[in-house]
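Enquirer: Please read through the structure below; I'll follow up with questions.
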Amino acid sequence: MDNNTGQKKGIKTILILAVILLLPGFLYFILNKSGSNSYVSLPIYGKKEVPGTTHRKWGRDIPDTIYHTVPSVDFVNYNGKAVRLLNNDTALSVVHLMYTRDVSLSRTMIKKLDQIANRFIQNKKVKLYSITVDTLFDTPQVLAKYSKVYKPWTKSWFFVTDPSVDILKFAKESLLQDALVTKDNSKPFIIGSNYLLLDSKGRLRGIYDINVKTDVDRLEDEIKLLLVEEIRNNPATIAQKR
């Protein structure tokens, strides 16, 4: 009787351990099978189109969606070297508009973004772009002097000018931000007060207003969240030597 009781207890213990080990994976499978998951995902901003096609996922037909994307654009960096926005399809981008003659909004945005740059200084997957709209005045030499105090060469931070496209049109149509010329010599441009977070596909995943006190902290948190999403959606592959 004692041997039988011991065997039953042993089998029961094994079954309990098996359930504990397998249940989380089974629940994860069921959640994904039903079209949901336990991960938090950032929204995708801008216009969306549904072309009428589908793709298969977990045995289900999922409608395809075409999202608004920011195209790659060539610029000249503060150091005179060419740089391309969204050149690396594995990097996240934080983008904002500015110009050096703006001593209020632009300067505040640069100072706040320096906090973000320092927090992600070791992560080359996060790139920051301060894009001037005052391209005639803000030459690479002007930007180099302006940005020197922030030491952007130690970070993945680009102060860029001389775009390959009309910068005001690009701001409005691609970045979905205000950028207007004024007749006021002391403030020749009106620009949006937002930082924009772009994923590796150029989709707009976050908008953060410098005038909202908590938005800079939210930007930091959502960069981390998007990094996790990128890793989940694009797992690293190990190249095998032949």
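The values are calculated or read from the model by the stated rules, or taken from the named source; none is laboratory data. What you see is a predicted model; the values in this text were computed from it and never measured. Glycine gets a Cβ as well: all are built from the backbone with ideal geometry, and neighbour counts include every protein chain shown. We work out accessible area using only protein heavy atoms, side chains counted, and drop any ligands, DNA or RNA first. Shrake-Rupley method; radii C 1.70, N 1.55, O 1.52, S 1.80 Å.
Enquirer: Under the condition of being at pLDDT below 95 and not hydroxyl-bearing (Ser, Thr, Tyr), which residue from segment 160-171 is surrounded by the fewest Cβ atoms within 10 Å (Cβ to Cβ)?
Expert: It comes out as 165.
Enquirer: Could you list, in sequence order, the residues of segment 69-85 that are at pLDDT 95 or above, in a loop (DSSP other than H, G, I, E, B) and of a type in the set (S, T, N, Q)?
Expert: Once the filter is applied, which keeps residues that are at pLDDT 95 or above, in a loop (DSSP other than H, G, I, E, B) and of a type in the set (S, T, N, Q), segment 69-85 yields only 79.
Enquirer: Between residues in segment 221-242 that are modelled with pLDDT of 70 or more and residues that are acidic (Asp, Glu) and open to solvent by 90 Å² or more (accessible area, probe 1.4 Å), which pairs lie under 9 Å by C-beta distance while being six or more apart or on different chains?
Expert: Every condition considered, the pairs that remain are 234/89.
Enquirer: Out of all the residues in segment 179-208, which are exposed (fewer than 14 other Cβ atoms within 10 Å of the Cβ) and in a strand (DSSP E or B)?
Expert: 180, 181
Enquirer: Which residue out of 138, 114 is modelled with pLDDT of 95 or more and either of a type in the set (Val, Ile, Thr) or open to solvent by 10 Å² or more (accessible area, probe 1.4 Å) (or both)?
Expert: Answer to the check: 114.
Enquirer: Sticking with this structure for a sec: Just wondering, is there one or more residues in segment 86-101 that are closer than 14 Å to residue 157 by Cα, modelled with pLDDT of 95 or more and open to solvent by 30 Å² or more (accessible area, probe 1.4 Å)?
Expert: There is no residue in segment 86-101 that is closer than 14 Å to residue 157 by Cα, modelled with pLDDT of 95 or more and open to solvent by 30 Å² or more (accessible area, probe 1.4 Å).
Enquirer: Do we find that residue 176 is in a loop (DSSP other than H, G, I, E, B), at pLDDT 95 or above and not β-branched (Val, Ile, Thr) in this structure?
Expert: Taking the combined requirement at face value, the residue satisfies it.
Enquirer: Here's a follow-up. Just to be sure, is residue 109 over 18 Å from residue 174 (Cβ atoms) and open to solvent by less than 30 Å² (accessible area, probe 1.4 Å)?
Expert: yes
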